[in-house]
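> Below is one structure. I have some questions about it.
The values are calculated or read from the model by the stated rules, or taken from the named source; none is laboratory data. Predicted, not measured: the structure shown is a model, and the values here were computed from it. Cβ placement follows ideal geometry from the backbone for every residue including glycine, while neighbour counts extend to all protein chains displayed.
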Amino acid sequence: MLPVVVVHGGAGHVPKEIAELSTIGVKEATRTGYAILQKGGSAMDAVVEAVALMENNPRFNAGRGSVLNVKGEVEMDAMVMDGRTLDSGAVSAVRRIANPVQLARLVMEKTKHLCLTAEGASKFARSMGVPEVPEESLITDYAKMRWKKNLEPDANPVECQMGKMGTVGAVAVDKDGNIACATSTGGMINKMEGRVGDTPCVGCGGYADNNIGAVSPTGHGEAIMKVTLSRLILFHMEQGKTPEEASDLALTYMKERVDGLGGAVVVDPKGTWAAQFSSLQMSWAAAQQGELHFGLYHGEHFVEPVQENI
Ligand SMILES: CC(C)C[C@H](NC(=O)C[C@H](N)C(=O)O)C(=O)O
């Protein structure tokens, strides 16, 4: 059953044609993560590479392609967690960085802190030799269009929020049984300047523990934080639930208790995995035992050889 990697590309909803590009993106990221695991690479390497690839893909709400805050600027959140040691690293409201997930990993590896924010995170990036990129290079026409639409007086905020999907995340177990997670996002459309969502918060936007499993979620960040979604899913697994049952229980709780929608990718130490969501759709893909699994709408589960199209 090992190794395994499971990836998601967000839980918002967009028209089918656009959503299919997300499926292509999550499949590509999953193949990349799986190739690393097959060569004996670590779960941490696999999730960071998979997420960085999706940050570079303008189709997703992370890195290039991030949604814009109310001022029309890009502020991104990202986190990683290592299930061996429970070490984690995160950045919040960070600007002008191409790959926040790699910066989050550096926070974990090179500082004694778990999270750096805004200007401090940028300063740390500079000190680590991470290049600053022009803000314009992170902004797509699509993100600008959604931002403007949201500012219109008759804009329906719910409709507009859901009309852009693409937070990205991954969980993996390597052949040694080590488990890791990574999540990266531009956040919620037209968020206030300085808004920090679930993604950089341990137990909310991700959690990994070799003894239990790992989770990377997507969805309305404020709702995810209220129920500490990632840790809640793992709590249900500690109580004996499967990854699928645990995700469904926690997502139902989030919906009923705080009216929040979302989804998550989950693994346990044996390599049992799940990709569940309460939203209309979530692009996801998983690789295990030479097979690539993927889907987008409820009830969809396609399988093909993982080697295809390489
Ligand atoms: C409307 C929602 C479901 C869309 C979803 N957003 C996030 O996951 C945002 C992230 N959790 C945060 O709050 O910062 C997406 O990008 O697909």
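> Out of the residues in the stretch 65-104 that are charged (D, E, K, R) and within 14 Å of the ligand (Cβ to nearest atom), which is nearest to Val215 (Cα to Cα)?
By that ranking, first place goes to Asp77.
> OK, next. Is it the case, given these coordinates, that Ala275 is part of a strand (DSSP E or B), touching a Lys or Arg at 6+ places or on another chain (Cβ under 6 Å) and within 16 Å of the ligand (Cβ to nearest atom)?
Against the criterion (part of a strand (DSSP E or B), touching a Lys or Arg at 6+ places or on another chain (Cβ under 6 Å) and within 16 Å of the ligand (Cβ to nearest atom)), Ala275 does not qualify.
> Go through the residues of the stretch 175-189 one by one and say whether even a single one is closer than 20 Å to Thr117 by Cβ and at pLDDT below 95.
yes
> Taking Glu245 as the residue in question, decide whether it is free of Cβ contacts under 8 Å to residues at least 12 places away in the same chain, part of a helix (DSSP H, G or I) and either over 23 Å from Gly197 (Cβ atoms) or among the aliphatic types (A, V, I, L, M) (or both).
For Glu245, the condition - free of Cβ contacts under 8 Å to residues at least 12 places away in the same chain, part of a helix (DSSP H, G or I) and either over 23 Å from Gly197 (Cβ atoms) or among the aliphatic types (A, V, I, L, M) (or both) - is met.
> Considering only residues that are surrounded by 23 or more Cβ atoms within 10 Å (Cβ to Cβ), at pLDDT 95 or above, out of contact with any Phe, Trp or Tyr (no Cβ under 8 Å at 6 or more places or on another chain) and of a type outside the set (Asp, Glu), which ones fall in the stretch 38-59?
Ala43, Met44, Val47, Val48, Ala50, Val51, Ala52, Leu53
> Can you tell me which residues in the stretch 195-228 are within 18 Å of Val80 (Cβ to Cβ), out of contact with any Gly (no Cβ under 7 Å at 6 or more places or on another chain), more than 10 Å from the ligand (Cβ to nearest atom) and of a type in the set (A, V, I, L, M)?
Matches in the stretch 195-228: Val202, Ile212.
> Further, regarding this structure: Tell me whether the stretch 282-298 contains one or more residues that are of a type outside the set (Lys, Arg), touching a His at 6+ places or on another chain (Cβ under 9 Å) and in a loop (DSSP other than H, G, I, E, B).
No: zero hits.
> Sort out which residues of the stretch 184-194 are touching a strand residue (DSSP E or B) at 6+ places or on another chain (Cβ under 9 Å) and more than 8 Å from the ligand (Cβ to nearest atom), and write them in order of number.
Result: Ser184, Glu193, Gly194.
> Go through the stretch 183-199 and give me each residue that's more than 18 Å from Gly65 (Cα to Cα) and buried (at least 24 other Cβ atoms within 10 Å of the Cβ).
Answer for the stretch 183-199, where residues must be more than 18 Å from Gly65 (Cα to Cα) and buried (at least 24 other Cβ atoms within 10 Å of the Cβ): just Asp198.
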